[in-house]
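Below is one structure, written out as structure tokens; the observations come after it.
Where a number appears in this text, it was derived from the coordinates with a stated rule and is not lab data. What you see is a predicted model; the values in this text were computed from it and never measured. Here Cβ is always computed from backbone atoms with ideal geometry, including for glycine, and neighbour counts include all displayed protein chains.
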Amino acid sequence: MTDVFNAIILLSNFVIVPGLTYGSQLALGALGITLVYGILRFANFAHGDLMAFGTMVAVLITWWLQSMGVSFGPLPTALLALPVAIAVTIAMALFTDKAVYKFYRKKRSAPAVFVIASIGVMFVLNGIVRFIIGPNDQRFSDGERFIIKARAFKQITGLNEGLAIKVSQGLTIGITFLLVGAPFWFLQRTRTGKAMRAYSDNEDLALLSGIDPERVVMVTWIIAAALATIAGTLYGLDKSFKPFTYFQLLLPLFAAAIVGGIGNPLGAILGGFVVAFSEVGITYAYKKFLGYLVPESWEPDGLLQFLSTDYKFAVSFIILVLVLLIRPTGILKGRVI
Amino acid sequence: MKKLLLASTLLAAMTGSAMAAGDEVKIGVLLGYTGPIESLTPDMAASAELAFKEASDSGLLLGGKRIVPVRADSTCVDSAAATAAAERLISSEGIAAIMGADCSGVTGAVANNVAVPNGVIMISPSATSPGLSSIKDNGFFFRTSPSDARQGQVLADVLKSRGIREVAVTYTNNDYGKGLADSFGSAFKVGGGKISITAAHEDGKADYSAEVGALSAAGSKYLAVFGYLDQGGKGIIQASLDSGAFENFVLADGMIGDSLIQAIGKDLTGAVGTIAGARSKGASTYEAMAAKAGIKKDGPYVGESYDAGALIALAMQAAGSANRAAIQSKIMMVANAPGEKIMPGEIAKGLKILSSGGDIDYVGATNVEFNEIGEVLGTFKEVEVKGGKFETIKIH
């Protein structure tokens with residue numbers, strides 16, 4: 001029986017907890033992408049770099065707070081910096097909308113034009129972040145590192161395998177579960193939310209019913225920027241902040257949004273976890289896990305690893321291609337791209 | 001004063017020209033004066049020429065002969081150009097031996113195509129590729145810098161002496177990491193050890209938990225990290241400690257530095273590793289000489305270059321002639337024990353002992369000792385993390 005527990009703990013430590021954490025980060029990011037897609041009708045390639053921008057602001061404020069001697073007890077100081085960072089990022093998002101997207105909206109440009117414009121915004125944000133904070137790794141996490149350490153877990157339970165849960169992992173999963181409900185409540189229950197859905201369904205009809213389109217656009221950017229900053233900061237706390245890795249996140253983020261059904265908020269969350277668990281699950285070596293469950297003579301010689309960890313990013317690609325081939329609307333019915 | 005200097009220079013020039021060509025021995029200095037390492041080669045060449053000058057000025061070399069260095073450009077990267085330059089040295093300049101070449105690729109090309117077929121020795125001060133250990137050189141190729149494969153061997157020996165029988169290996173995905181992982185792997189297996197898994201990691205990623213998960217699934221207690229301390233190597237160690245996958249680490253030279261201890265903290269205590277170094281006694285003597293001659297004393301491979309030049313001069317003396325094959329037959333004898341130890345700046349002393357039929361053991365700036373295939377073994381420090389810093393345990 002202990003072997004079964006050992007196997008479960010082993011899998012939790014290396015697959016389930018990291019998968020849940022990464023999935024949460026992807027879900028928050030994909031939610032922003034899907035929202036912009038659903039309401040503004042274009043794939044926002046600048047979203048990864050908007051996350052990087054928000055995180056950068058959070059990092060800078062965290063450093064300032066740390067230098068002032070402010071701390072948040074066992075929790076990372078970055079959480080205190082988060083509200084200000086969100087505000088700055090919202091301002092940035094609204095500014096890009098005014099400076100770039102509004103022009104094309106007035107001209108009623110095709111979605112492809114918006115996509116290309118967003119690539120331009122992506123490069124500019126990319127440059128701004130590198131210009132301000134540099135291209136290197138930045139550490140900004142502080143406070144306690146662990147909720148429970150692997151060694152302590154072993155001592156308490158007497159099992160062979162340890163389970164380590166970092167504070168950043170606990171925070172990510174907790175905050176995500178608190179936050180994901182908010183967009184649904186907002187879209188279903190509030191007047192503005194209903195206006196946004198109406199605008200999404202039919203722009204002209206919404207206009208006729210007296211809905212102010214600029215207000216809808218503004219609220220969309222506010223929500224997307226807030227989600228991007230939170231997702232980015234949590235990702236940075238859990239892993240590390242480096243502008244390039246945020247740019248690379250774009251692929252799993254889009255994979256998540258499309259797998260779930262783009263334009264569908266519930267789909268984005270589901271897609272985030274599907275992509276995260278595929279990446280982690282396919283590249284994990286199951287040798288030790290099976291070693292606990294099967295008799296010794298059955299124990300496999302190989303590592304039982306489906307794909308080398310080098311191919312982690314390929315997993316997102318494969319999922320993306322498969323979904324577009326087999327079910328272009330995504331798991332939960334979204335729009336067809 | 002100026003006049004005196006001029007006069008003596010003139011005199012020297014006249015005596016130089018007065019001496020017939022028979023009193024000169026030409027030696028090629030084949031280095032990359034243009035190309036990727038052009039900033040290093042002037043000091044390397046000057047170091048070798050310092051040794052030649054020392055031998056010439058003593059007046060003892062083969063009864064008063066002078067060595068004339070002939071520089072030729074290896075380009076470091078263009079094998080065809082390096083081969084042509086070496087051809088010129090051998091056929092039209094008539095050199096007795098070659099000090100060089102520098103980069104591993106061109107060195108292999110020159111050795112295989114020109115030097116060995118013509119029976120001319122080459123002593124490279126800086127080619128470190130393990131591939132050069134297995135070329136068919138008929139005993140004509142030597143090097144005064146250790147092969148990269150050597151560290152793998154030393155590290156395997158260190159683990160064996162500590163009773164570590166099984167490790168997982170992860171390396172940074174480039175030539176350095178791959179080469180080290182290969183040489184360590186084969187040396188460790190020969191010594192009876194077991195490598196449970198060898199996996200590459202990419203530098204510059206945000207998260208290494210997936211890599212660590214795969215490494216730990218193989219079931220070893222020790223993790224050997226052949227990477228960089230400010231890159232993926234650090235990430236791997238951090239992720240290993242975070243997930244409790246590994247607590248014991250084996251580190252190669254790219255991982256050894258105080259910033260790693262600062263980043264990881266006390267959890268790194270007990271990690272073992274190897275790093276090239278261990279300064280020899282001759283090094284400081286040589287540095288003083290180099291500084292006096294206007295050579296950058298801490299430049300890479302300058303000590304090795306001086307030693308390569310000195311070995312050629314001493315072997316010539318031991319052979320009693322500037323004959324190419326005769327020089328080759330004496331290199332091992334002057335470089336290795338037994339015999340009187342010769343430090344840098346003592347070339348005259350060595351020449352004297354050799355001319356009276358004695359035996360010498362050239363130590364030089366870098367503790368030269370050739371193995372049976374004409375390569376130095378180099379010195380490596382075995383280090384362990386103790387009390388928040390890397391402490392040297394032993395010299396290998």
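A compact table of results
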{"quantity": "Whole-Å semi-axes of the ellipsoid equivalent to chain A (Cα gyration tensor, √5λ, descending)", "calculated": "37, 25, 18"}
{"quantity": "Shape metrics for the stretch B:186-265, restricted to C-alpha atoms - Rg then Dmax, Å", "calculated": "12.4, 36"}
{"quantity": "Fewest-first sequence of B:Glu369, B:Glu375 by Cβ atoms within 10 Å of each Cβ", "calculated": "B:Glu369, B:Glu375"}
{"quantity": "Cut-off 10 Å between beta-carbons: net charge of the residues surrounding A:Gln169, Lys and Arg +1, Asp and Glu -1", "calculated": "-1"}
{"quantity": "Sorted by Cβ neighbour density within 10 Å, fewest at the top, the residues B:Asp203, A:Asp3", "calculated": "A:Asp3, B:Asp203"}
{"quantity": "When the protein assembly as shown is reduced to its Cα atoms, the Kirkwood hydrodynamic radius in Å", "calculated": "30.0"}
{"quantity": "Within the stretch A:1-36: backbone nitrogen closer than 11 Å to the A:Leu290 label point (7 Å, Cα to C-beta)", "calculated": "none"}
{"quantity": "Stokes-Einstein diffusion coefficient of the stretch B:185-318, Kirkwood radius over Cα pairs, 4 °C, 1.567 mPa s, in µm²/s", "calculated": "72"}
{"quantity": "Sorted by Cβ density within 10 Å, fewest first, the residues B:Val29, A:Val15", "calculated": "A:Val15, B:Val29"}
{"quantity": "Percent breakdown of C-alpha pair distances by 5 Å bin, ordered from the shortest bin, for the stretch A:132-217", "calculated": "3, 11, 12, 10, 9, 9, 9, 10, 10, 7, 6, 3, 2, 0"}
{"quantity": "Helical segments meeting 18 Å axial Cα length and Kyte-Doolittle -0.5 threshold in chain A (DSSP H)", "calculated": "A:17-40, A:47-67, A:78-96, A:111-133, A:167-189, A:213-238, A:265-283, A:312-326"}
{"quantity": "C-alpha long axis of helix B:2-18 to longest principal axis of chain B, angle in °", "calculated": "80"}
{"quantity": "Distribution of pairwise C-alpha distances over the stretch B:295-396, 5 Å bins, in %", "calculated": "2, 12, 20, 20, 16, 11, 8, 5, 3, 2, 1, 0"}
{"quantity": "Cβ-based net charge around B:Asp230, under 15 Å, with every Lys or Arg adding one and every Asp or Glu removing one", "calculated": "-1"}
{"quantity": "Listed residue pairs exceeding 24 Å between alpha carbons, taken from A:Lys312/B:Lys160; B:Lys281/B:Lys352; A:Lys154/A:Lys287; B:Lys189/B:Lys234; B:Lys205/B:Lys389", "calculated": "A:Lys312/B:Lys160; B:Lys189/B:Lys234; B:Lys205/B:Lys389"}
{"quantity": "Rounded to the nearest 20 debye, dipole of the protein assembly as shown from Cβ charges on Lys, Arg, Asp, Glu", "calculated": "1840"}
{"quantity": "Cα lying deepest toward the dipole's positive end in the protein assembly as shown, options A:Asn136, B:Ile121, A:Val259, charges on Cβ", "calculated": "A:Val259"}
{"quantity": "Charge context of B:Asp157, other residues only, Cβ under 11 angstrom, K/R +1, D/E -1", "calculated": "+3"}
{"quantity": "Average partner coverage of B:240-250, which counts Cβ from other chains inside 10 Å", "calculated": "4"}
{"quantity": "In nm, spacing of pseudo-spin labels at B:Ala80 and B:Val68 (7 Å Cα→C-beta vector)", "calculated": "3.1"}
{"quantity": "Cα convex hull of chain B, projected area averaged across orientations, nm²", "calculated": "21.6"}
